[in-house]
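*Asks:* Here you go, one structure.
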Amino acid sequence: MTTAKRANILISVDIEGVAGVFHPEQTRAGNGEYERARRWMTEEANAVIRGALAAGATSVKVNDSHGGFRNLLPDLLHPEARMVLGKPRVLGMMGGVDYDVDAVMMVGYHSRAQGRGILAHTMNSFAFARVWLAGMELGEAGLYGALAGEHGVPVIFGSGDDAFVEENQSLYPHAVFAETKKAYGANSGDSLTPQKSCALLEERARQAVSAFLADPLAMPATRLDSPLRCRLQAQTVALADLFSQLPILERIDNVTVQFDAPSAEYAVRVLNSLSAMSAMLR
């Protein structure tokens with residue numbers, strides 16, 4: 001955790017929580033809807049970068065955190081930012097948090113699997129139905145925020161739909177949130193326009209970084225007590241069969257497995273490995 005008046009920022013950017021994004025087609029490469037959505041994703045990242053820099057951020061690094069981790073348009077990204085692109089990478093959506101980072105900002109995030117939010121899922125919608133860590137049902141924001149916390153890095157900002165905000169405000173009570181849209185269902189809702197969303201994100205990002213610089217100790221990192229038990233409900237019996245091939249996993253019932261982890265990072269790395277394994281059953 002920083003004790004100096006500096007703010008090296010890691011911005012982790014997903015796509016499902018971006019304003020105007022409602023349908024799976026918008027999140028998958030190979031079509032015009034996705035090309036528009038990835039531009040909106042890049043613009044929202046730029047808005048947060050502008051807000052962070054205006055507040056006095058020392059440096060900004062942007063982690064592409066959706067799908068294959070190569071969605072952001074580098075030629076349109078703010079020139080002051082560095083980029084974390086491509087996969088596999090050990091820390092996934094928090095790649096780069098272990099390199100001199102003081103605070104994390106989550107942009108375009110979404111509700112957890114079985115949540116009521118737009119395009120809600122946790123890591124892999126094909127494979128994972130629900131995930132618990134340390135007795136808490138968590139989505140990507142909770143899992144990766146705990147990973148960042150183990151590196152002494154707090155989450156100071158989050159943006160996405162109203163379900164995402166509601167789920168995560170209690171996890172990160174000192175963070176600043178920005179609601180880009182309201183969920184009516186998994187694929188419907190009421191959204192700000194991209195322009196209005198970017199204006200909101202820029203202002204809220206400025207507020208978040210300003211508050212962090214004013215008193216870094218008032219925004220503590222989230223830490224979970226270890227060892228941690230991770231419980232995973234698979235989408236199908238066949239997936240639970242597959243996951244049970246990994247010796248560290250214990251089968252609980254037809255679709256549920258669990259394992260003990262010495263850290264949140266360990267749990268996330270196992271989950272990402274199981275996600276990769278699931279591809280053989282698609």
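The values are calculated or read from the model by the stated rules, or taken from the named source; none is laboratory data. It should be emphasised that the depicted structure is a prediction, and the values quoted were computed from it without experimental measurement. Glycine gets a Cβ as well: all are built from the backbone with ideal geometry, and neighbour counts include every protein chain shown. To get the accessible areas, we keep the full protein, side chains included, count just its heavy atoms, and leave off ligands, DNA and RNA. Shrake-Rupley method; radii C 1.70, N 1.55, O 1.52, S 1.80 Å.
*Asks:* With a sphere of radius 10 Å drawn around the Cβ of residue 95, what net charge do the other residues whose Cβ falls strictly inside it have (Lys, Arg +1; Asp, Glu -1)? Provide the component values of the computation, followed by the final result.
*Replies:* On the way: positive: 61, 87, 89; negative: 64, 98.
Result for the local shell: +1.
*Asks:* Can you give the calculated 222 nm mean residue ellipticity of the chain, where each DSSP H run of n ≥ 4 adds -39,500 (n - 2.57) and the sum is split over every residue, rounded to the nearest 500 deg cm²/dmol? Don't skip to the answer; put the middle values down first.
*Replies:* On the way: 6 runs with 83 residues, N = 282.
It lands at -9500 deg cm²/dmol.
*Asks:* Further, regarding this structure: From the phi of every residue in segment 12-28, what ³J(HN,Hα) in whole Hz does the Karplus formula 6.51 cos²θ - 1.76 cosθ + 1.60 yield, where θ is phi - 60° and glycine or proline is x?
*Replies:* 9, 10, 9, 10, 5, x, 6, 4, x, 9, 9, 10, x, 4, 6, 9, 10
*Asks:* Given 20 °C and 1.002 mPa s, how large is the Stokes-Einstein diffusion coefficient of segment 228-281 in µm²/s, with Rh as the Kirkwood radius over Cα pairs?
*Replies:* Details: Rh = 11.0 Å.
Answer, rounded: 195 µm²/s.
*Asks:* Let me ask something else about it. With every protein chain kept in the model, how would you rank 106, 123 by accessible area, 1.4 Å probe, largest at the top?
*Replies:* On the way: 106 5, 123 40 Å².
The residues order as 123, 106, largest area first.
*Asks:* On average, how much area does the Cα convex hull of segment 84-183 cover when viewed from any direction, in nm²?
*Replies:* Numbers: hull surface 26.1 nm².
Result: 6.5 nm².
*Asks:* Counting Lys and Arg as +1 and Asp and Glu as -1, each charge on the Cβ, what is the dipole of the chain about the Cα centre in debye, to the nearest 20? Walk me through the intermediate numbers first.
*Replies:* Details: 26 positive and 31 negative charges, 60 e Å.
Roughly 280 debye, rounded to the nearest 20.
*Asks:* Can I ask one more? Count the net charge of all other residues whose Cβ sits under 10 Å from the Cβ of residue 119, scoring Lys and Arg as +1 and Asp and Glu as -1. Mind dumping the intermediate values first?
*Replies:* Values: positive: none; negative: 14, 16, 161.
Every neighbour counted, the sum reads -3.
*Asks:* Follow-up question, since we're still on this one. Enumerate the calculated ³J(HN,Hα) couplings along segment 225-239 in order (Karplus 6.51 cos²θ - 1.76 cosθ + 1.60, θ = phi - 60°), each rounded to whole Hz, writing x wherever the residue is Gly or Pro.
*Replies:* So the Karplus estimates, Gly and Pro as x, are 5, 10, x, 10, 9, 10, 10, 10, 9, 7, 6, 9, 4, 4, 5 Hz.
*Asks:* Run the 1.4 Å probe and let me know the accessible area of residue 87, rounded to the nearest 10 Å².
*Replies:* Rounded to the nearest 10, the figure is 120 Å².
*Asks:* For segment 168-271, what size does the Cα cloud have along each of its three principal axes, sorted from largest down, in whole Å?
*Replies:* Here the Cα extents, ordered largest to smallest, are 48, 38, 19 Å.
*Asks:* Okay, moving on. Any idea of residue 116's accessible area? Nearest 10 Å², probe 1.4 Å.
*Replies:* Taking all protein chains as shown, residue 116 has close to 120 Å².
*Asks:* Another one. Within the P(r) computed for segment 10-125, what percentage of the Cα pairs occupies the region above 17 Å? Show your work: numbers first, answer last.
*Replies:* Numbers: 3514 of 6670 pairs.
The proportion of pairs with Cα distances above 17 Å equals 53 percent.
*Asks:* With viscosity set to 0.692 mPa s at 37 °C, what whole-number translational diffusion coefficient in µm²/s follows for segment 8-218 from Stokes-Einstein and a Kirkwood radius over Cα pairs? Mind dumping the intermediate values first?
*Replies:* Working: Rh = 16.6 Å.
For these conditions, the coefficient is 198 µm²/s.
*Asks:* Which residues' amide hydrogens lie under 5 Å from the amide hydrogen of residue 7, considering only partners 5 or more residues apart or on another chain, with H built in the peptide plane?
*Replies:* 58, 59
*Asks:* Can you sort 105, 83 by 1.4 Å-probe accessible area, starting with the largest? Intermediate values should be presented prior to the final figure.
*Replies:* Working: 105 0, 83 85 Å².
So, going from the largest accessible area down, we get 83, 105.
*Asks:* Amide H neighbours of residue 159 under 5 Å, counting only residues 5+ apart in sequence or on other chains, H built in-plane at 1.01 Å?
*Replies:* When sequence neighbours closer than 5 places are left aside, the close amide H contacts are 106, 107, 108, 109, 178.
*Asks:* Could I ask something else about it? Can you sort 16, 265, 43 by 1.4 Å-probe accessible area, starting with the largest? Can you show the working numbers first?
*Replies:* Details: 16 10, 265 40, 43 70 Å².
Most to least solvent-accessible, the answer reads 43, 265, 16.
*Asks:* While we're looking at this one, here's another question. Counting only heavy atoms of protein chains, what accessible area per residue, in Å², does the chain have with a probe of 1.4 Å? Could you put the intermediate results ahead of the total?
*Replies:* Details: 11790 Å² over 282 residues.
The answer is 42 Å² per residue.
*Asks:* Something else: Along segment 165-177, what does the Karplus equation 6.51 cos²θ - 1.76 cosθ + 1.60 (θ = phi - 60°) give for ³J(HN,Hα), rounded to whole Hz, x for Gly and Pro?
*Replies:* 4, 4, 5, 10, 4, 6, 6, 10, x, 9, 7, 9, 10
*Asks:* Collect residues whose amide H, placed 1.01 Å from N in the peptide plane, falls under 5 Å from the amide H of residue 189; neighbours closer than 5 in sequence don't count.
*Replies:* HN-HN under 5 Å from residue 189: 184.
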